[in-house]
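Asks: My questions will all concern the structure given below.
The values are calculated or read from the model by the stated rules, or taken from the named source; none is laboratory data. What you are looking at is a predicted structure, and each value in this text was computed from that prediction instead of being measured. In this analysis, Cβ positions are derived from the backbone assuming ideal geometry, glycine residues included, and neighbour counts consider all displayed protein chains.
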Amino acid sequence: MLRTKVLPLSLALSAFAAQTLLAKASWPLWNSYTAYFLDSSGRIVDHDADDRTTSEGQAYALFFSLVGNDRSSFDQILSWTEHNLARGDLATNLPAWLWGNRQGSWKVLDPNSAADADLWLAYTLLEAGRLWRDPKLTAIGRGLTNLILQREVSDIPGLGPMLLPGPVGFKTPDGWYQLNASYLPVQLFLGISGHMGSKYWRKIADAVPMIVEGSSAKGFVLDWIAYHPDEGFAAQPSPVSPPLASYDAIRVYLWAGMQAPSTPGRERILTSLSAMATYIDHNQVPPASVSETGLVEDPRGGAGFSAAVLPLLAALNRTRSFERQKQRLQSEKNDKTGLYGKKPRYYDQNLALFALGWYENRFSFDGEGRLGVNWK
């Protein structure tokens, strides 16, 4: 892998010294992100979507604040999330996915929960409890994890236990299940399994390679995929969009690339995703959207897409493509904001925080899904 080259002793010692300093330093990109997107109450504000807040944004920010050992921001974000999205208690209520302004009133706009955000929240709380030795965080994480299992996990014939995108609206009367591969980071299921000791979480992890394969029959992972126990996978429209490989699916490449080499099913997942790496080998940037037939509809993915594929390219040893995407990302850095793009967009920054935080060794996942951080 790109990050594990053997260095001469003098360079290795220098690298160790630099890494030690990095561990003690603040995280500039996280600091820039909080300055631009985090308000004083602990809310992540999406300036490109009427200043709304989503449970996804809160969950990612909670994770990044743990990675950055930023307990003050962590507590702010957790408090706002609990009181505004989860009726005061994440241990007993799944968070609403959308909060914003309607007719002059700021409130929950859709009470349905988003399972990917719930998963990241639960995992982060459990790992924060371990890393910061805080049993209160562990208790909240365990409560939320049990809620996810009760309300968002369904036992699907042919797949076994599987995380649905939310508790409502993802199973049709005729037996089709709507799934989203970007909601299924294997390392999170493994990590939660280690905390909870439940067989269901590991079984979900075991089924993820099959879903990634089923979602990428034409070489690119679709945002949404349908599954029927009798008919298998089909590229049916999600409740809100036509079949595309686009903004949701770009995270599948990100999660896959960040897996430890010993992660169960990793090679099968990477093989399913190699078409994206091959495309990038011959094109300047990742595609923004690809049809269900494999036709590239928009060839120019944003800066965040270049960030998201970095871990995948590293895992597949695509050195030239990796360097080209890293340079492209750096060329779009705004020195005034410390973020990416002339007008920093919420989603791009989150993809960059994941990819660059991992690449800079600020965090990692081991083969059992445990979080490693450079300050511990």
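Asks: Output the number of the condition that residue 307 fails; it satisfies all remaining conditions of (1) surrounded by fewer than 19 Cβ atoms within 10 Å (Cβ to Cβ); (2) in contact with an Asp or Glu (Cβ under 8 Å, 6 or more places away or on another chain); (3) closer than 20 Å to residue 61 by Cα; (4) at pLDDT 95 or above.
Replies: Every condition holds for residue 307 apart from (1).
Asks: Can residue 53 be described as in a strand (DSSP E or B) and crowded, with 24+ Cβ neighbours inside 10 Å?
Replies: Yes.
Asks: Okay, moving on. Report, ordered by the first and then the second residue, all pairs with beta carbons closer than 6 Å, sequence separation of six or more or different chains, a first member in the stretch 246-275 that is more than 12 Å from residue 186 (Cβ to Cβ), and a second member that is surrounded by fewer than 21 Cβ atoms within 10 Å (Cβ to Cβ).
Replies: Correct list of pairs: 246/289; 272/213; 275/219.
Asks: Right, something else. For residue 249, indicate whether it is among the hydrophobic types (A, V, I, L, M, F, W, C), touching a Ser or Thr at 6+ places or on another chain (Cβ under 8 Å) and either modelled with pLDDT of 95 or more or crowded, with 22+ Cβ neighbours inside 10 Å (or both).
Replies: In short, yes.
Asks: Another one. Looking only at residues in the stretch 333-369 that are of a type in the set (Ser, Thr, Tyr) and over 16 Å from the mean Cα position of the chain (by Cα), which one is farthest from residue 126 (Cα to Cα)?
Replies: 337
Asks: Kindly evaluate residue 336 against the criterion of being basic (Lys, Arg) and closer than 22 Å to residue 364 by Cα.
Replies: Against the criterion (basic (Lys, Arg) and closer than 22 Å to residue 364 by Cα), residue 336 does not qualify.
Asks: Quick check on the stretch 318-340. Is at least one of its residues assigned to a loop (DSSP other than H, G, I, E, B), closer than 28 Å to residue 213 by Cβ and touching a residue at least 12 places away in the same chain (Cβ under 8 Å)?
Replies: Yes, because at least one residue in the stretch 318-340 is assigned to a loop (DSSP other than H, G, I, E, B), closer than 28 Å to residue 213 by Cβ and touching a residue at least 12 places away in the same chain (Cβ under 8 Å).
Asks: Separate question: Looking at 281, 298, 230, can you tell me which residue is within 27 Å of residue 154 (Cβ to Cβ), out of contact with any Gly (no Cβ under 6 Å at 6 or more places or on another chain) and of a type outside the set (A, V, I, L, M, F, W, C)?
Replies: Among 281, 298, 230, only 230 is within 27 Å of residue 154 (Cβ to Cβ), out of contact with any Gly (no Cβ under 6 Å at 6 or more places or on another chain) and of a type outside the set (A, V, I, L, M, F, W, C).
Asks: Something else: Against the definition (surrounded by fewer than 23 Cβ atoms within 10 Å (Cβ to Cβ), in contact (Cβ under 8 Å) with a residue 60 or more places away in the chain and among the hydroxyl-bearing types (Ser, Thr, Tyr)), how does residue 200 come out, yes or no?
Replies: It is false that residue 200 is surrounded by fewer than 23 Cβ atoms within 10 Å (Cβ to Cβ), in contact (Cβ under 8 Å) with a residue 60 or more places away in the chain and among the hydroxyl-bearing types (Ser, Thr, Tyr).
Asks: Residues to consider are 215, 241; find the one that is out of contact with any Phe, Trp or Tyr (no Cβ under 6 Å at 6 or more places or on another chain), small (Gly, Ala, Ser) and crowded, with 20+ Cβ neighbours inside 10 Å.
Replies: Unique residue meeting the criteria: 215.
Asks: Could you list, in sequence order, the residues of the stretch 76-119 that are among the aromatic types (Phe, Trp, Tyr) and either surrounded by fewer than 18 Cβ atoms within 10 Å (Cβ to Cβ) or assigned to a loop (DSSP other than H, G, I, E, B) (or both)?
Replies: Matches in the stretch 76-119: 97, 106.
Asks: Within the stretch 136-210, which strands (runs of 3 or more DSSP E) (wholly inside it) include 2 or more residues that are in contact with a Pro (Cβ under 8 Å, 6 or more places away or on another chain)?
Replies: The qualifying strands (runs of 3 or more DSSP E) are 153-156, 177-179.
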